[in-house]
Amino acid sequence: MINTANLKRILIVVFASIALTACASSKKSGKMQGDVYTGTDTIEYLATGVADRVFFASNKSILTTAARDTLRKQAAWMRKKSKLTFAIEGHADERGTREYNLALGERRANAAKDYLMTYGIAGNRLSVISYGKERPVNSGSTPLAWSQNRRSVTVKAN
């Protein structure tokens, strides 16, 4: 027979385990590769398993290996959805002038567009728009926030 003290201990362990499991499963993970944030907590999806955005290094519009992999997956999905058109939004972090960041966002969006075109997506299905630093995904002023804001995002065009 289980006495009251042992039952209380068992219940505490059970509830603590449930609480820790819930916290662990809701936690978002991310990591930095160089100065590029590659976590999934800022990523939405075009379709199951196809990320809608790629990230860039500071002041760069060169596609990383991870970005090229994501864009290849986007292109494969886009080929299956041949009637859809897409806009590629270029974004920058808060540092730099408005003009500089608009130009940088455009270079980033064009880099993504050009790469998608090399994988068979027609240029007339892809448009480019730069928001510069005007639409941050993270409004913080930290290296993590900046890395999350240096991105291009592929969205379905209207």
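Here the dipole of segment 58-101 is about 440 debye; that uses its Cα centre as origin and unit charges on the Cβ of Lys and Arg (positive) and Asp and Glu (negative).
Counting Lys and Arg as +1 and Asp and Glu as -1, what is the net charge of the other residues whose Cβ lies under 14 Å from the Cβ of residue 155? All intermediate terms of the calculation are to be shown ahead of the outcome.
Working: positive: 53, 81, 113, 125, 135, 151, 156; negative: 44, 52, 89.
That works out to +4.
Using 0.36 nm times the number of residues separating residue 100 and residue 47, minus their current alpha carbon distance, what extension gain do you get? Don't jump to the answer; show the numbers that get you there.
Details: separation 53, 0.36 × 53 = 19.08 nm, distance 3.24 nm.
So the extension gain works out to 15.8 nm.
Spin-label model, residue 155 to residue 117: label points 7 Å out along the Cα-to-beta-carbon direction sit 2.3 nm apart.
If only the Cβ of Lys and Arg carry +1 and only the Cβ of Asp and Glu carry -1, the dipole of segment 29-156 around its Cα centre is close to 500 debye. Counting lysine pairs in segment 29-156 that sit 8 or more residues apart in sequence, or on different chains, and whose Cα atoms lie under 23 Å apart gives 19. Size of segment 33-158: Rg and Dmax of its alpha carbons, in Å, are 13.5, 40. Pairwise inverse Cα distances across segment 118-158, averaged and inverted, put the Kirkwood hydrodynamic radius at 12.4 Å.
So what is Rg over Rh here for segment 84-152, counting just Cα atoms and using Kirkwood for Rh?
Values: Rg = 12.7 Å, Rh = 12.2 Å.
Taking Rh as the inverse mean 1/r over Cα pairs, Rg/Rh reads 1.04.
Read-outs throughout are calculated quantities, based only on the coordinates presented, and are distinct from any laboratory measurement. Treat the numbers as computed from the prediction; the structure is a model and nothing was measured. As a convention, Cβ positions derive from the backbone with ideal geometry for all residues, glycine included, and neighbour counts pool all protein chains shown.
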